[in-house]
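Take a look at the structure set out below.
The values are calculated or read from the model by the stated rules, or taken from the named source; none is laboratory data. Not measured: the values here are computed from a predicted model. Here the Cβ is made from the backbone with ideal geometry for all residues, glycine too, and neighbour counts use every protein chain on show.
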Amino acid sequence: MSTAPAASPFAAEITRAVSGLNAARGAWREREAGRHDVARFPAPPELARAVEQLAAALYPVRLGGFRGGALREDDFVADALGRAFAILREQVTRELDYWQGWCDAPFDAEQAETIVRLFAAALPEIRALIDSDIEAAFVGDPAARTADEILISYPGALAILHYRIAHQLFALGAAIVARVISELANARTGIDIHPGATIGPRFFIDHGTGVVIGETAIIGANVRLYQHVTLGARSPLGLASVGPRDRLARHPIVEDDVIIYAGATILGRVTIGRGSTIGGNVWLLGDVPPNSVVVQPEAVQLDAATAREVTAELRLARA
């Protein structure tokens, strides 16, 4: 049994902690029954490098720092993609190795490379979707001076760029790689978009901090969200088991041309109809017809005398 160095003033505490942690690891590994090789788990720092190279390939001048002129731009993009794809192949391979314990048969030796090839074919579509998102932000935010400003400095644009990359990888079967990429954006922006969500073109998140979009959410075209909006699930009881779960459709459907203002919370498989507006801080658990406006009750302004009475009653209640 390992013990702490005798010179440490915390030797006894370290020894007890080491023993307790050893027991906790053993219990976890017994439950997992050796199904996962965690040493091969995808590495977030490597995936951050891959996203950096992909962003440079998608936007060589604005995000890649390319200054070599039009004749050399394709070479710059090719180099960035080469670096990104090499990293992705390694990280997807790690994910497949991680999941191998769940499978009755081994994965195809070329599966990681196939996923990267299919992802590469989708890059022009990814670029077009991000362009549409930037355009929506420029149209929707009077404070924006240029589209370049949005791409380079808006947290919503950063989060959506990560989402567009991650969603394609998720759809191709690299779910953990995709989730790590989405969490890289979450750590930088406070915007949590699950890569499994389906989001149409011209998507704009204004300000963005605190936005949460769940795995099975479906968002149509030309949708705008403000900060602290949640498109979440109503968690049923009894889902505490460890292991793969059925991917139930449990998050909202937001149809085209919807605006959802700050602080709104929409839970469950409900539908927000096309062209609707959801006001700030609304709590929604049901469907909303198209072209609706949903707001919470208006605040009540008290006159001075009533305000003094209410304040006095509140003080008495606290006493």
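Of all residues in the stretch 53-79, those that are surrounded by fewer than 19 Cβ atoms within 10 Å (Cβ to Cβ) have Cβ atoms under 9 Å from Cβ atoms of residues that are among the polar types (S, T, N, Q) and assigned to a helix (DSSP H, G or I), 6 or more apart or on another chain, in 79/53. When 154, 163 are screened for being within 18 Å of residue 44 (Cα to Cα) and among the hydroxyl-bearing types (Ser, Thr, Tyr), only 163 passes. Taking the criterion of being free of Cβ contacts under 8 Å to residues at least 24 places away in the same chain and either outside the structural domain of residue 43 (by TED's automatic domain parsing) or among the aromatic types (Phe, Trp, Tyr) (or both), the only residue of the stretch 100-110 that qualifies is 107.
Scanning the stretch 129-177 for residues that are hydroxyl-bearing (Ser, Thr, Tyr) and either farther than 16 Å from residue 225 by Cα or not in a loop (DSSP other than H, G, I, E, B) (or both) yields 132, 146, 153, 163. Among the residues of the stretch 251-301, the one identified as among the aromatic types (Phe, Trp, Tyr) and part of a loop (DSSP other than H, G, I, E, B) is 261. The condition of being modelled with pLDDT of 95 or more, in the same structural domain as residue 88 (by TED's automatic domain parsing), surrounded by 24 or more Cβ atoms within 10 Å (Cβ to Cβ) and closer than 18 Å to residue 91 by Cβ holds for residue 169.
Considering only the stretch 154-165, I want to know if a residue exists there that is within 30 Å of residue 107 (Cα to Cα), in the same structural domain as residue 100 (by TED's automatic domain parsing) and either without any contact (Cβ under 8 Å) to a residue 40 or more places away in the chain or in contact with a Pro (Cβ under 8 Å, 6 or more places away or on another chain) (or both). Looking for residues that are within 30 Å of residue 107 (Cα to Cα), in the same structural domain as residue 100 (by TED's automatic domain parsing) and either without any contact (Cβ under 8 Å) to a residue 40 or more places away in the chain or in contact with a Pro (Cβ under 8 Å, 6 or more places away or on another chain) (or both), one finds at least one in the stretch 154-165, hence yes. Identify the residue in the stretch 178-209 that is over 11 Å from residue 224 (Cα atoms) and basic (Lys, Arg) and, among all such residues, is surrounded by the fewest Cβ atoms within 10 Å (Cβ to Cβ). That would be 188.
Among the conditions (1) more than 17 Å from residue 214 (Cβ to Cβ); (2) in contact (Cβ under 8 Å) with a residue 24 or more places away in the chain; (3) outside any loop (DSSP other than H, G, I, E, B), the only one that residue 311 does not satisfy is (2).
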